[in-house]
Amino acid sequence: MHKEIHQWWSPRLHKEMPIAVYGHYGFALLLIPTAAADFLEYERFYLIHAIRDYINAGKVKVFSVNSINSESWLNKNMHPRDKSIRHTLFNEYIYQEVVPFIYNHCHGQVPIITCGASFGALHSANLFFKRPDLITGIIAMSGVYDLGQYTDGYWDDDCYFNSPEAYIYNMPEGDLLNSLRNRSHIHILTGQGAYEAPEASRRFSRILHSKKIQHDLDIWGYDMPHDWETWRAMLPYVLGAKF
């Protein structure tokens, strides 16, 4: 499997941000880490290995970025307002730096599907629903789509506009909502085993349904815990069955 590592100084995050690239061809799968993990997490836990056949066949080209959750919602020593600002800057890093990098690396404007598990699922969904002009769709695994689950009671406008449950529930009719309604790749998956929160996915699905946003809600069994064995099964299934 072809692999490259790139990095650059992000003017938005004021730090070096690496990115791993796997494969040569295919639509772009943008992986967002789970919690405070790094850009090699999905390789380290064998999720890249689990989808290697799709990568080698040229169906998908994977881009895996670093998390900054340890500099925002997972940093107990940081003021909540600073966490909120940092989260928003991460979004802009993806939109203004990573997306152009993907286009350049793929020699054109390929479809980009965001993907993540756990906290990465929330980031993946949020990145897509805010900017469907840049992101084509999502594969969100074992997520909670209410940012309030991570803010310890803090709430401001940036929290609201980074909490998909909140802003989609209140999204008015218009171009943004119509764009979301015309997407074929919104895939929400969850297990029902240990430490999973399937009701979070059901609740988010109800909100999407109320807005007539077409999507897949795929709830797996009680033998599927909130862990890598579940995600190593889910992602290759979605890539094989839905793309």
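The values are calculated or read from the model by the stated rules, or taken from the named source; none is laboratory data. On a predicted model such as this, the values are computed, not experimentally measured, just so you know. Using ideal geometry, Cβ is built from the backbone for each residue, glycine included, and neighbour counts are taken over all protein chains shown.
Data table
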| read-out | value |
| --- | --- |
| Single condition residue 81 does not satisfy, out of (1) touching a His at 6+ places or on another chain (Cβ under 7 Å); (2) within 22 Å of residue 10 (Cα to Cα); (3) not β-branched (Val, Ile, Thr) | (1) |
| Selection from segment 1-34 of residues that are surrounded by fewer than 16 Cβ atoms within 10 Å (Cβ to Cβ), aromatic (Phe, Trp, Tyr) and under 21 Å from residue 134 (Cβ atoms) | 8, 25 |
| Enumeration of residues in segment 177-215 that are surrounded by 13 or more Cβ atoms within 10 Å (Cβ to Cβ), touching an Asp or Glu at 6+ places or on another chain (Cβ under 9 Å) and either of a type in the set (A, V, I, L, M, F, W, C) or assigned to a strand (DSSP E or B) (or both) | 186, 187, 188, 189, 190, 200, 204, 207 |
| Which listed residue, of 175, 146, is closer than 25 Å to residue 80 by Cα and either charged (D, E, K, R) or touching a Lys or Arg at 6+ places or on another chain (Cβ under 8 Å) (or both) | 146 |
| Pairs where the first residue, in segment 14-37, is in contact (Cβ under 8 Å) with a residue 60 or more places away in the chain and among the acidic types (Asp, Glu) and the second is part of a strand (DSSP E or B) and surrounded by 19 or more Cβ atoms within 10 Å (Cβ to Cβ), C-beta under 8 Å, 6+ apart | none |
| Any chance residue 150 is surrounded by 16 or more Cβ atoms within 10 Å (Cβ to Cβ), aromatic (Phe, Trp, Tyr) and either touching a Pro at 6+ places or on another chain (Cβ under 7 Å) or at pLDDT below 95 (or both) | yes |
| Those residues of segment 197-243 which are charged (D, E, K, R), within 17 Å of the chain's Cα centre (by Cα) and over 18 Å from residue 114 (Cβ atoms), in sequence order | 227, 232 |
